[in-house]
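Engineer: Before I ask anything, here is the structure I am working with.
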Amino acid sequence: MKKTGYLFILVLLLLMTWAFYSYLYKEHRDIASEKGAFQVTANAIYEEFVKDEKAANAKYLDKTIEVSGKVTGVDAKENTIVIDEKMFVYFKDKPSGEIKTQSNVKVKGRFMGYDNLLEEMKMDQSVLE
């Protein structure tokens with residue numbers, strides 16, 4: 001009886017250790033190869049957040065999305081752009097080719113969230129589409 005109890009506890013500890021390890025060290029997402037869950041403009045997604053932030057967070061947060069719009073800011077040194085003065089986009093790698101302000105772009109990336117104080121949205125791990 002005692003041996004069975006110790007064996008049960010040992011197996012339980014091993015399973016919990018494996019589950020904890022699997023949770024912490026899952027494979028990293030490859031956003032570039034994922035299909036975008038949504039295709040939206042920066043202005044449209046912004047309007048959704050202004051209308052109902054909770055519902056928009058449930059819909060977009062941590063999802064791969066494709067966003068299109070006009071480039072209103074470029075920081076080549078930091079690999080970032082701003083789309084329609086609302087969406088801050090952080091590129092995973094330096095985009096091939098030069099991105100100029102006032103040009104139209106389509107990017108795919110992971111939606112990080114909306115800051116209602118600054119009224120801005122953020123995406124990371126982005127790539128040009």
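The values are calculated or read from the model by the stated rules, or taken from the named source; none is laboratory data. This one's a predicted model, so the numbers in the text were calculated from it and none came from an experiment. Positions of Cβ are generated from backbone atoms using ideal geometry, with glycine treated the same way; all protein chains shown enter the neighbour counts.
Engineer: Across the stretch 77-102, which residue is nearest to M123 (Cα to Cα) among those that are in contact with a Leu (Cβ under 9 Å, 6 or more places away or on another chain) and surrounded by 12 or more Cβ atoms within 10 Å (Cβ to Cβ)?
Structural biologist: F91
For (1) closer than 19 Å to K63 by Cβ; (2) more than 11 Å from the chain's Cα centre (by Cα); (3) of a type in the set (A, V, I, L, M), each residue gets a yes or a no:
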residue	(1), (2), (3)
F88	yes, yes, no
S96	no, yes, no
Q102	no, yes, no
G109	yes, no, no
M112	yes, no, yes
E120	yes, yes, no
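Engineer: What's the number of the condition K51 fails, among (1) of a type outside the set (G, A, S); (2) at pLDDT 90 or above; (3) within 30 Å of L128 (Cβ to Cβ); (4) surrounded by 10 or more Cβ atoms within 10 Å (Cβ to Cβ)?
Structural biologist: Only one criterion in (1) of a type outside the set (G, A, S); (2) at pLDDT 90 or above; (3) within 30 Å of L128 (Cβ to Cβ); (4) surrounded by 10 or more Cβ atoms within 10 Å (Cβ to Cβ) is unmet by K51, namely (4).
Engineer: Something else about it: What residue, among those in the stretch 113-125 that are aliphatic (A, V, I, L, M) and free of Cβ contacts under 8 Å to residues at least 24 places away in the same chain, is surrounded by the most Cβ atoms within 10 Å (Cβ to Cβ)?
Structural biologist: Residue satisfying both the conditions and the ranking: L118.
Engineer: Kindly establish whether V74 is surrounded by 15 or more Cβ atoms within 10 Å (Cβ to Cβ) and either at pLDDT below 95 or more than 17 Å from F111 (Cβ to Cβ) (or both).
Structural biologist: yes
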